[in-house]
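These notes are about the structure you will find just below.
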Amino acid sequence: MMDHNLDILVIGGGQAGLAMGYHLKQAEHRFQVIERHPRIGDSWRNRYESLTLFTPRAYSVLPGLAVPGDPDGYPTKDEIADYLESYARHFELPVMLETSIESLERMNGGFRAITGAGELIYSRAVVLATGAYQQPAVPAISKDLSSEVLQITPESYKAPSQLPSGRVLVVGDGATGRQIAVELGATHEVLLATGRPRRVSPERILGKSIFWWLDKLGILGASRESAIGRYLMKTDPFPGKALELKRLQRRGVAVVGRVVQADGKNVIFADGRTTEVDVVLWATGYRDAADWLEIPEAKNEDGNLLHQRGVSSVPNLYFVGRSWQWTRGSALLAGVGADAAYLAERIVQRLDTGVMDEAGERTNPSYAH
Ligand SMILES: Cc1cc2nc3c(=O)[nH]c(=O)nc-3n(C[C@H](O)[C@H](O)[C@H](O)COP(=O)(O)OP(=O)(O)OC[C@H]3O[C@@H](n4cnc5c(N)ncnc54)[C@H](O)[C@@H]3O)c2cc1C
């Protein structure tokens, strides 16, 4: 049974919404997490079949509950989906499933949300935990490709068997683009178009996970405002030496430069070379998709959500799970709990006292994973 008059409405029941729920449960406020999927963990379940996390189990945890299994091993996406489901059960978090928020607006000093079924929910504060990696950002040149070319994104990609035979171009060489390129290399001719240079770090050093080192050296918790944080934001390294470009080449993936143009079945690269392709997989990052957030002052002109460390300049509006919201871990399982704790304290303080926090006007636009 859903409460239609809340103190805090959390929109999104993925890991960010659940971490928020964990911390809000410590306070005596009426809150509810709303999730559009039928099951908790579905955003992980719906990802491509072979996806294994790059964070070991010990660094894929939310506050208060370990992921079962070898802490040094890497969990599959379905394992994490089930972990999230058991997390919500374990802490008895109030999650309303199969309910989507279709509109959110300010009303009488608080907010009014409308669900897909037309129900109204009034809340004094709202946290958007709707995911930083939701809407694929596909470049405009995709429109110049002919309809003979199958175009997909990591969200619509499930397994190699889904693709017709022929030449596949994967555009974008982040961790996701590289993983999918290797997988497709076993069944297809694959080209991987790179963007800015990316650093790949080893998975383990002196027998310890790279995340153990990053944690102990304070790098995992380095804020976006620190020198280390600024460097990491610029270089965006990811672990997994198996994903180094030269190793990909050895496994048959042709590494090519930036895509600058498309024309029919042809793709033109920055060095002027042209190749005919049958499939293009755009692994080119993500953008915010919050048309339903009918609060113009919460977004910039491109529709990106504005906040300072998750605090909007709109009173009592918050975000959690944003990429680099505060640290590299903000949009990872291991770091979202710290952001949720920080926000829960401020949300409760503001509801109890009406005191404004130091919310800024700075932009934290989404970036490619
Ligand atoms: C391919 C890939 C690999 C990744 N690998 C790792 C990894 O190895 N380790 C790691 O720590 N992180 C990884 N991440 C990053 C991150 O952990 C995931 O993206 C994670 O799913 C983010 O959790 P979230 O709760 O912020 O968002 P999501 O999991 O996207 O959850 C948001 C939820 O909000 C719901 N929602 C959205 N809008 C509404 C609405 N209007 N009404 C109701 N519900 C709504 C959605 O249904 C969804 O369930 C990876 C991401 C990707 C894309």
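Backbone geometry of the range 63-74 corresponds, through the Karplus equation with coefficients 6.51, -1.76 and 1.60 at θ = phi - 60°, to 3J(HN,Hα) couplings of x, x, 8, 6, 7, x, x, 4, x, 8, x, 9 Hz, x marking Gly and Pro. Between amide H atoms placed 1.01 Å from N, distances below 5 Å from Y286 occur with A137, A368, H369, all of them 5 or more places distant or on a separate chain. Please report the antiparallel percentage of the DSSP beta bridges confined to the chain, to the nearest 5. Taking every DSSP beta bridge within the chain, about 45 percent pair in antiparallel fashion. The antiparallel fraction among DSSP beta bridges confined to the range 92-212 stands at about 70%.
In what sequence, highest mean first, do 10-22, 149-161 appear when ranked by Cβ atoms within 10 angstrom?
Top to bottom by mean Cβ count within 10 Å: 10-22, 149-161.
Here the spin labels are modelled as points 7 Å beyond Cα on the Cα-Cβ line, and at D302 and N266 they lie 3.0 nm apart.
Taking packing as the residue-averaged number of other Cβ atoms within 10 angstrom, the listed peptides 319-326, 81-88, 93-100 run from highest to lowest as 319-326, 81-88, 93-100. Residues in the range 6-16 carry Karplus couplings, in order, of 10, 7, 9, 9, 9, 9, x, x, x, 4, 5 Hz; the curve used is 6.51 cos²θ - 1.76 cosθ + 1.60 with θ = phi - 60°, and Gly or Pro positions show x.
In deg cm²/dmol, rounded to 500, what helix-only [θ] at 222 nm does the chain give when every DSSP H run of at least 4 residues adds -39500 (n - 2.57) and the total is split over its residues? Theoretical 222 nm ellipticity from helices: -6500 deg cm²/dmol.
Think of the chain as having a plus end and a minus end, set by charges on the Cβ of Lys, Arg, Asp and Glu; of Q32, P136, Y231, Y231 sits farthest toward the positive end of this dipole. Take the Cα of L120, go 7 Å toward its beta carbon, and the backbone nitrogen atoms of the range 1-31 under 14 Å from that spot belong to 4-6.
Distant-in-sequence amide contacts of W326, defined by a placed amide H-H separation under 5 Å and a gap of 5 or more residues or a different chain, comprise nothing. The phi torsions of the range 307-315, fed into the Karplus equation with coefficients 6.51, -1.76 and 1.60 and a -60° offset, translate into couplings of 6, 10, 6, x, 9, 7, 6, 7, x Hz, rounded to whole numbers, with Gly and Pro shown as x.
For R167, the residues whose modelled amide H falls within less than 5 Å of its own, excluding neighbours fewer than 5 places apart on the same chain, are D278, V279. Spin-label model, A27 to A140: label points 7 Å out along the Cα-to-beta-carbon direction sit 4.3 nm apart. Once both labels are positioned 7 Å from their Cα atoms along Cα-to-Cβ, the gap between R251 and D70 label points is 1.8 nm.
Among the trypsin sites (Lys or Arg not before Pro) found in the range 196-260, those both in a DSSP coil and sparsely packed, with 16 or fewer other Cβ atoms within 10 Å of their Cβ, are R199, R251, R258.
The stretch between R204 and S86 holds 39.6 nm of extra length on full extension. This uses 0.36 nm per residue minus the Cα-Cα distance.
Values in this text are rule-based calculations from the coordinates and carry no lab data. Note that this is a predicted model, so its numbers are computed, not measured. Here Cβ is always computed from backbone atoms with ideal geometry, including for glycine, and neighbour counts include all displayed protein chains.
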